[in-house]
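Written out below as structure tokens is the structure these notes cover.
Readers should treat all values here as calculations from the given coordinates under stated rules, not as data from a laboratory. Predicted, not measured: the structure shown is a model, and the values here were computed from it. Neighbour counts run over all protein chains shown; Cβ positions are idealised from the backbone, glycine included.
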Amino acid sequence: MMMDAIIIENAFQEKIDRDLCIEPKDQMPEKYRLHLIRQMSQHAHSEVIGMQPEGNWITRAPSLRSKQILLAKIQDEGGHGLYLYSATETLGISREEMIEQLHSGKAKYANIFNYPSLNWADIGAIGWLVDGAAIVNQVSLQRTSYGPYARAMVRICKEESFHQRQGYEIMANMMKGSTEQKEMAQDAMNRWWWPALMMFGPHDSDSPNSGNAFIWKIKRQSNDVLRQRFIDKTVQQAELIGLTVPDKDLKWNEEKQCYDHGAIDWEEFNRVINGNGPCNKQRMDHHIKYHNEGAWVREAAAAYQKQINEFN
Ligand code: BYC
């Protein structure tokens, strides 16, 4: 038995080392399966919980055009959740179990969605900074070792780049507007910048899951490398429309050809991911309420499917 496990593990690692994808029916070490269930289900939950701060502004979008675009974007996020839940189910966990883990607090979701969306500029900041950060991370995940996850990322990245532009357009338009509009855009930037940097996770030296993630090529680039990539491209976009990055220590490093940045408040990060951010309770209460109220839809869909199967 012991020997069998070693043979399976060696064959698996050899595949990984040759840059081949692992597929659902391939043999894989239990730890790899559980690592993926953790990361992919948390990714799925983030997409779905992320609909809440944006949904807050659908009825108050300032024009029909902006309302249509926001609706389409939020619908995409629901779709991303679906691809990711389905991809995670291929690892032998049910959707119900994943939702249970979310509701019990066992499964996390991205820190960023525990902050409130106070005004329309926040919708700009979410699209530009939050989706912008997500793209940098997800482009890297297109080459992750688990086939269904990598393929889901390809489609998600295409849609995210539209989302990032939706947000940047809102910010750019507000920066061409009245003094009040400019102040609103800057205030949103000030509130969302640091939580967006935290989306990439703790520094590499404090990232317990990175070791195995690199051995198994689940991660291709580290938390800090991706965070730096996001900073370098976003600072220039901010400058272009006249926004100031709220970091007094931000400085171009000529030697390294990248921006040095100030210290991230990891106490705040830990507080938020452990359930004590400004909106954690609200987000979870909302999800539980509508999940329960939607039970009849799931039951009806299952009954319909059963009838179709009996008919055929
Ligand atoms: N938030 O060892 P580490 C979107 C946790 S949604 C919360 O570095 P790992 C959008 C981490 O889980 C896009 N928790 O972990 C949707 C771990 O705790 P556990 C969401 C975080 O996994 C709607 C602990 O800290 N994208 O774009 O190697 C509208 C130690 O961390 C966070 C994804 O989910 C965080 N930010 O690396 C708009 C990307 N960071 O699990 C937009 C997929 C860390 O051991 N995920 N933690 O209890 C990943 O790429 C990786 O999981 C991470 C973290 C880079 C996030």
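The table below lists the values:
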| quantity | calculated |
| --- | --- |
| Residue 200 vs. criteria in contact (Cβ under 8 Å) with a residue 24 or more places away in the chain, within 10 Å of the ligand (Cβ to nearest atom), hydrophobic (A, V, I, L, M, F, W, C) and in a loop (DSSP other than H, G, I, E, B) | yes |
| Residues located in segment 256-280, provided they are touching a helix residue (DSSP H, G or I) at 6+ places or on another chain (Cβ under 7 Å) and not aliphatic (A, V, I, L, M) | 258, 259, 261, 265, 269, 277, 278, 279, 280 |
| Qualifying position, being near the ligand (Cβ under 10 Å from one of its atoms) and touching a residue at least 24 places away in the same chain (Cβ under 8 Å), among 182, 108 | 108 |
| Those helices (runs of 4 or more DSSP H) lying entirely in segment 227-312 with at least 3 residues free of Cβ contacts under 8 Å to residues at least 24 places away in the same chain and more than 21 Å from residue 206 (Cα to Cα) | 280-293, 295-311 |
| Residues that are more than 16 Å from the ligand (Cβ to nearest atom) and either touching a Pro at 6+ places or on another chain (Cβ under 6 Å) or of a type in the set (Ser, Thr, Tyr) (or both), drawn from segment 44-65 | 59, 63 |
| Extreme residue, surrounded by the fewest Cβ atoms within 10 Å (Cβ to Cβ), among residues of segment 131-176 that are within 11 Å of the ligand (Cβ to nearest atom) and acidic (Asp, Glu) | 159 |
| Exclusive hit being surrounded by 15 or more Cβ atoms within 10 Å (Cβ to Cβ) and either more than 9 Å from the ligand (Cβ to nearest atom) or more than 30 Å from residue 11 (Cα to Cα) (or both), set 217, 251 | 217 |
| Boolean, residue 41 is within 12 Å of the ligand (Cβ to nearest atom) and outside any loop (DSSP other than H, G, I, E, B) | yes |
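For every residue, the table says whether it meets (1) within 27 Å of residue 122 (Cβ to Cβ); (2) of a type in the set (Phe, Trp, Tyr); (3) in contact (Cβ under 8 Å) with a residue 24 or more places away in the chain; (4) surrounded by fewer than 19 Cβ atoms within 10 Å (Cβ to Cβ).
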| site | (1), (2), (3), (4) |
| --- | --- |
| 22 | no, no, yes, no |
| 30 | no, no, no, yes |
| 34 | no, no, no, yes |
| 37 | no, no, yes, no |
| 40 | no, no, yes, no |
| 50 | yes, no, yes, no |
| 73 | yes, no, yes, no |
